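Asker: This structure is in structure tokens; I'll ask about it shortly.
The values are calculated or read from the model by the stated rules, or taken from the named source; none is laboratory data. This one's a predicted model, so the numbers in the text were calculated from it and none came from an experiment. Because the Cβ atoms are built from the backbone with ideal geometry, glycine has one as well, and the counts that use them run over all protein chains shown. Note: areas computed on protein heavy atoms with side chains; ligands, DNA, RNA excluded. Shrake-Rupley method; radii C 1.70, N 1.55, O 1.52, S 1.80 Å.
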Amino acid sequence: KLLIAHPRTYEDWSIADWLKANTWNAVGVVIGPEGGLTDAEVESLRAAGATPVHLAEHILRVETAALSAAAVWAALMWE
């Protein structure tokens, strides 16, 4: 499954809530550049089956976003 780290989510999912609510064995997270993904990029990813999720209440820098997504995934793997 492919997730999109995006502050303006279309669904009300945090990455942790999505990972807890869905069965998955492989997950990829698209993290955009500084300034974020364009609306067209998000729509293309959604059309390909990706789900937007938010990582935090505020926008994270790209380096922090990647670590945040990995930390949540790793923590949930060991629950």
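Asker: For the chain, give the percent of accessible area contributed by carbon and sulfur heavy atoms, probe 1.4 Å, rounded to a whole number.
Answerer: Carbon-and-sulfur percentage of accessible area, whole number: 57.
Asker: Applying a 10 Å radius around every beta-carbon, put 41-54, 22-35 in order of their mean neighbour count, most first.
Answerer: Details: 41-54: 15.5, 22-35: 11.4.
Result, highest mean first: 41-54, 22-35.
Asker: Which value, in debye to the nearest 20, gives the size of the charge dipole of region 1-63 about its Cα centre, when Lys and Arg are +1 and Asp and Glu are -1 at the Cβ? Don't skip to the answer; put the middle values down first.
Answerer: Working: 5 positive and 9 negative charges, 44 e Å.
Roughly 220 debye for region 1-63.
Asker: What is the set of long-range amide H partners of LEU3 at a cut-off below 5 Å, with H atoms built 1.01 Å from backbone N?
Answerer: Under 5 Å from the amide H of LEU3: GLY28, VAL29, VAL30, THR51.
Asker: Do the sum for the chain: with -39,500 (n - 2.57) for every DSSP H run of n ≥ 4, divided by all residues, what is the mean residue ellipticity at 222 nm, to the nearest 500 deg cm²/dmol?
Answerer: -12000 deg cm²/dmol
Asker: In terms of the ratio Rg/(2.2 N^0.38 Å) built on C-alpha atoms, what value belongs to the chain?
Answerer: 1.02
Asker: Here's a follow-up. What angle do you read, to the nearest 10 degrees and between 0 and 90, between the alpha-carbon axis of helix 62-77 and the longest principal axis of the chain?
Answerer: Tilt of helix 62-77: around 30 degrees.
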